[in-house]
Amino acid sequence: MGTVHQRPAILGFISKLIPKLSDAGVTHIGLEIASDQQPNIDRFMKQETPLADIGIFPIIDCPEYRCLFEVIRNHGVEAVALDLPFSMWESGYTRDNWIAKNISTIFDENPQAKIFVIVGSLHTLKKVEWLTTPHNARSYIRGYLSEYQPHLKVCSIAASIDNPSKQADSGKVAGKSRKPVAVDAKDLDLDLTLLKILAIKPIPTHEAVDAVIVY
């Protein structure tokens, strides 16, 4: 699921979503945190060390994000740090490649796993054609993951949360329900801001993601 970092409304929505994911059989929550923080996460989950010991990228870190760890711990889901550590930024791996590799490892170890991944919206795009710098089709997590796990079922989800203008658009499809609505992207081509601020060739929402959560 793609998010906008440090947005309380989005993080609050995810906090409420995690218990339902657990009930639905999700086994892992993947996080945009450097993978070298996994030992600190594991110790926190065992109530051995404080939450403050977990290192989080400053652009992501905020009280609401850290609260997710409490929710995850209370619902028996495994928190997994997926991102590239600072020490490996010159290693030749891209962040998305490293994230995809770590997701793939989870399925290698547990083929029955169900993973819900929380990352910035840009990382969730299915494909992008840049206007300037050439990028291959494997630039993002989805592309790398299709190479590592070609038969894996993957769904890229965008979020339009606490966004009145997009809620008005979605009302044409979903009615006036106050509950979260997940709509197949081909049925609701929301004008996602993300797709307008990037130097990419025009792409309809349904080609960028599989579904949009509107709340």
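Just so you know, all these numbers are worked out from the coordinates, no wet-lab data involved. Here the structure is a predicted model, which means the values were calculated and not measured. All Cβ positions, even for glycine, are placed from backbone atoms using ideal geometry, and neighbour counts span all protein chains on display.
Stokes-Einstein diffusion for segment 1-109 at 25 °C, viscosity 0.890 mPa s, with a Kirkwood radius from C-alpha pairs, works out to 169 µm²/s. Measuring r between the beta carbons of Glu147 and Phe86 and using R0 = 25 Å, the FRET efficiency lands at 0.50. Proximity of backbone amide H atoms, modeled 1.01 Å from N, is registered between Val117 and Gly30 at under 5 Å, excluding neighbours fewer than 5 places apart on the same chain.
For segment 80-88, putting each phi into the Karplus relation 6.51 cos²θ - 1.76 cosθ + 1.60 with θ = phi - 60° gives couplings of 10, 7, 10, 7, 6, x, 3, 5, 10 Hz, in residue order, rounded to whole numbers and with x for Gly and Pro. Fully extending the segment from Arg66 to Asp23, taken as 0.36 nm per residue of separation minus the present Cα-Cα distance, adds 13.3 nm. Residues in segment 49-64 carry Karplus couplings, in order, of 9, x, 4, 4, 6, 7, x, 10, 3, x, 5, 9, 4, 5, x, 5 Hz; the curve used is 6.51 cos²θ - 1.76 cosθ + 1.60 with θ = phi - 60°, and Gly or Pro positions show x.
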